[in-house]
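Undergrad: Before anything else, here's the structure in question.
The values are calculated or read from the model by the stated rules, or taken from the named source; none is laboratory data. Everything numeric here is computed off the predicted structure, so don't read it as measured data. FYI the Cβ positions are ideal-geometry reconstructions off the backbone, even for glycines, and counts take in every protein chain you see.
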Amino acid sequence: MRILQLLNHTRRLNGHVHAAVDLACAQAKLGHQVAVASSGGDFDRLLASNNVETMQVSIERQPKKLVDGVSLLYRLVRDWRADIVHAHMMTSAVLAWPICKLLKIPLVTTVHNEFEKSAILMGLGTRVIAVSAAVGNSMRKRGVPQSRIRVVLNGTIGAARLEKQNRCPASLQSPAVVFVGGLHPRKGLPDLFSAFEEVHRVIQTAHLYIVGDGPHRAEYVAQVSSMACAEAVIFMGAQDNPFPFLLGADVFVLPSHADPAPLVLSEAREAGCAIVASNVDGIPEMLDGGRAGILVPTGDPARLAEVLRSLLEDKQAVLQWKKNSQINLDFLTIDRVARETLQIYEEASRHVHGRA
């Protein structure tokens, strides 16, 4: 099958980019001809080394660039003779929709950022992939027919993106609580800071490591600087490879207010972390309904503090939850994601060509 993946770019530190790059490499490994069309970025070399062709096309929300982009994209899709076009973001889906209609090629879309209002436009796909059942339910409520929605839960284990990364644990001061993610309000970091302040009052040896970057970093650093626990909170910034921090953690925490199906939970489980995360959106699905990690209410710093404190005071509990993180771990492989996605491509193709 000839598969054309569409992305705005291939730069690091965007979850939807990581998911699409992982998928493209896995599909190529299964013997398909795969190309990624985008404005380029950090992962182009990795894609090439995994037999994924890269094509330059600018997908920007500016009138002239959009016109030029759709013209170039039309020629790419036509001349490359794609069997399937798979769009991962709203702009690429909107640009690809008329092209696929004209060329009679199935358009498959993946809803990565369901919390954005524009996500409804991903419903243009012949088939719409939701990265969790929670996302699928949300898209259905927004008006996308259930008949076009398919759920493929995220997974990263075995991804080419992670194959050659350093797998030695980071040297962290124990007990170490680690957060990995973007520094955005939806990740619930103010709740985590408030919770950790309570934990640190009781367990003064505890440290909190914040791995990631984002537009609210200065705000969060200022918030923490006024707390009694300030010296125990370490902002590590963005890391190309956060896996050593997961390996070095006593507890991994994800206090999100909204999170469709965070890839970091797949990586944290692979690293064998004891996990505490919000009971919201696709997070319970990524944690096997709470069997592979402790679920806490969203926006409840007091409860989060209670759970973190009880874990850090009980080494046996930490060890048990590390063990629990391995429950049904095989389901989070990129190979499973790729094979389920290929089945959806075949279904979409039969629909477009009148065979189903």
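Undergrad: Cβ contacts < 6 Å: first residue polar (S, T, N, Q), restricted to segment 236-259; second residue surrounded by fewer than 19 Cβ atoms within 10 Å (Cβ to Cβ) and not in a helix (DSSP H, G or I), any location; separation 6+ or different chain. Result?
TA: Pairs found: ASN241/GLN165; ASN241/ASN166.
Undergrad: In segment 6-35, what residues are under 16 Å from THR341 (Cα atoms), free of Cβ contacts under 8 Å to residues at least 60 places away in the same chain and either of a type in the set (D, E, K, R) or in contact with a strand residue (DSSP E or B) (Cβ under 6 Å, 6 or more places away or on another chain) (or both)?
TA: Once the filter is applied, which keeps residues that are under 16 Å from THR341 (Cα atoms), free of Cβ contacts under 8 Å to residues at least 60 places away in the same chain and either of a type in the set (D, E, K, R) or in contact with a strand residue (DSSP E or B) (Cβ under 6 Å, 6 or more places away or on another chain) (or both), segment 6-35 yields ALA24, ALA28, GLN33, VAL34, ALA35.
Undergrad: Oh, and also: What number goes with the only condition from (1) farther than 23 Å from LEU13 by Cα; (2) surrounded by fewer than 21 Cβ atoms within 10 Å (Cβ to Cβ) that VAL128 does not pass?
TA: Only one criterion in (1) farther than 23 Å from LEU13 by Cα; (2) surrounded by fewer than 21 Cβ atoms within 10 Å (Cβ to Cβ) is unmet by VAL128, namely (2).
Undergrad: I'm trying to understand the selection: among the residues of segment 64-88, which are modelled with pLDDT under 95 and of a type in the set (Asp, Glu)?
TA: Within segment 64-88, ASP68 is the sole residue that qualifies.
Undergrad: A follow-up question, please. Against the conditions (1) outside the structural domain of LYS104 (by TED's automatic domain parsing); (2) under 20 Å from VAL131 (Cβ atoms); (3) aromatic (Phe, Trp, Tyr), where does TRP321 fall short? Just the number, please.
TA: Here TRP321 meets the rest and fails (2).
Undergrad: Let me ask something else about it. Being surrounded by 17 or more Cβ atoms within 10 Å (Cβ to Cβ) and part of a loop (DSSP other than H, G, I, E, B) is the filter here, so list the residues in segment 221-247 that pass it.
TA: Residues satisfying the conditions are CYS229, PRO242.
Undergrad: Kindly indicate whether GLU198 is under 30 Å from ASP335 (Cα atoms), buried (at least 16 other Cβ atoms within 10 Å of the Cβ) and acidic (Asp, Glu). I'd like the intermediate steps shown before the answer.
TA: Numbers: under 30 Å from ASP335 (Cα atoms): no; buried (at least 16 other Cβ atoms within 10 Å of the Cβ): yes; acidic (Asp, Glu): yes.
Considered against the rule, which asks whether it is under 30 Å from ASP335 (Cα atoms), buried (at least 16 other Cβ atoms within 10 Å of the Cβ) and acidic (Asp, Glu), GLU198 comes out as no.
Undergrad: Of everything in segment 236-246, what is in contact with a Lys or Arg (Cβ under 7 Å, 6 or more places away or on another chain) and of a type in the set (A, V, I, L, M, F, W, C)? Give them in sequence order.
TA: PHE243
Undergrad: Same structure again: Which condition number does GLN343 fail, the rest of (1) of a type in the set (S, T, N, Q); (2) crowded, with 19+ Cβ neighbours inside 10 Å; (3) not assigned by TED's automatic domain parsing to the domain that holds HIS207 being met?
TA: It is condition (2) that GLN343 fails.
Undergrad: Just name the residue that is farthest from GLY188 (Cα to Cα) out of those in segment 298-328 that are surrounded by fewer than 18 Cβ atoms within 10 Å (Cβ to Cβ) and among the small types (Gly, Ala, Ser).
TA: Applying the filter and picking the extreme gives ALA317.
Undergrad: Ok, one more. How many of the residues in segment 131-156 are in contact (Cβ under 8 Å) with a residue 60 or more places away in the chain, within 29 Å of ASP240 (Cα to Cα) and not in a helix (DSSP H, G or I)?
TA: 7
Undergrad: What are the residues in segment 157-184 that are part of a loop (DSSP other than H, G, I, E, B), modelled with pLDDT of 95 or more and over 30 Å from ASP314 (Cα atoms), if any?
TA: GLY158, ALA159, listed by residue number.
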